[in-house]
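The block underneath contains the structure these notes are about, expressed in structure tokens.
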Amino acid sequence: QALDIDQGGAITVTLDSVVSTGSTEEGIQLVGLSGTFTATTVTLNGTTGDGIDLDNNTATIAINGGSIGSTDDPAGTGVDINGGSANVTIAASITKASAGDVVEVTGRTGGTVTFSGNLSASGGASGVDVDSNTGGTINFTGASKVLNTGVNTAVDLTSNTGATINFTGGGLDIDTTSGTGFNATGGGTVTVTGTGNSITTTIGTALNIVNTNIGADDVT
């Protein structure tokens, strides 16, 4: 890893930048931490694991800019967040042009996770996977969220009882061949707002919302 803090415990870390090109594993891995972690900017390319991997942290984490996979996407997930209840902000853009999710968020019990950078999926990548969260809010606020996922589901929201997932700011552009465009099943609340949101599929299901609440701002 370019940066690996996985011993647990309280931290206070502030970094100007984290740069990784061709790292053998994750670009940034934080595990079991409390306290605060802030990086002004990141440039993470060519990792053989995830671009950023956050596991079971109660630390407040902020990545305030930069890019993940802009020139060489991670072999794993762009950003993988598992567990935790404190706030997480990822303002870096995230690009996936090979197999794997752009973003995966699982097992959250509280707090707010915000992805404010642009998202891009192509070339066999999957899109956004948010599943098995029992609490908290997950926001996707970037101006451009272009998910060309072919046979894969572009937005997959499953079993998020107690969680709220919001796509705001427009620019959600979904294109699939046989994959489902936007799938929300098994609980939680979902909203999609702003302009320029579209789903295009060749033979797949464009929109599937089952046993899931649509928020007051609707799904547009």
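A few remarks follow.
- Any chance residue 77 is touching a residue at least 12 places away in the same chain (Cβ under 8 Å) and open to solvent by 40 Å² or more (accessible area, probe 1.4 Å): no
- Taking the criterion of being on the phi > 0 side of the Ramachandran plot and of a type in the set (S, T, N, Q), the only residue of the stretch 191-215 that qualifies is 211.
- Within the stretch 115-128, the residues that satisfy the criterion of being open to solvent by less than 30 Å² (accessible area, probe 1.4 Å), farther than 11 Å from residue 152 by Cα and assigned to a strand (DSSP E or B) are 115, 119.
- Reported count of residues in the stretch 155-187, each being of a type in the set (Gly, Ala, Ser) and out of contact with any Ser or Thr (no Cβ under 6 Å at 6 or more places or on another chain), is 2.
- Number of the exception - residue 47 against (1) polar (S, T, N, Q); (2) at pLDDT below 95; (3) part of a strand (DSSP E or B): (3)
- Within the stretch 93-114, being open to solvent by 20 Å² or more (accessible area, probe 1.4 Å) and of a type in the set (A, V, I, L, M) holds for 97, 99.
- Candidate set from the stretch 20-32 (those that are under 20 Å from the mean Cα position of the chain (by Cα) and either assigned to a loop (DSSP other than H, G, I, E, B) or among the hydrophobic types (A, V, I, L, M, F, W, C) (or both)); member that is modelled with the lowest pLDDT: 25
- So residue 200, is it touching a strand residue (DSSP E or B) at 6+ places or on another chain (Cβ under 6 Å), polar (S, T, N, Q), crowded, with 23+ Cβ neighbours inside 10 Å and not in a loop (DSSP other than H, G, I, E, B): no
The values are calculated or read from the model by the stated rules, or taken from the named source; none is laboratory data. Everything numeric here is computed off the predicted structure, so don't read it as measured data. Heads up, the Cβs are rebuilt from the backbone with ideal geometry, glycines too, and the neighbour counts pull from every protein chain shown. Remember, those area values only see protein heavy atoms, side chains included, never the ligands or the DNA or RNA. Shrake-Rupley method; radii C 1.70, N 1.55, O 1.52, S 1.80 Å.
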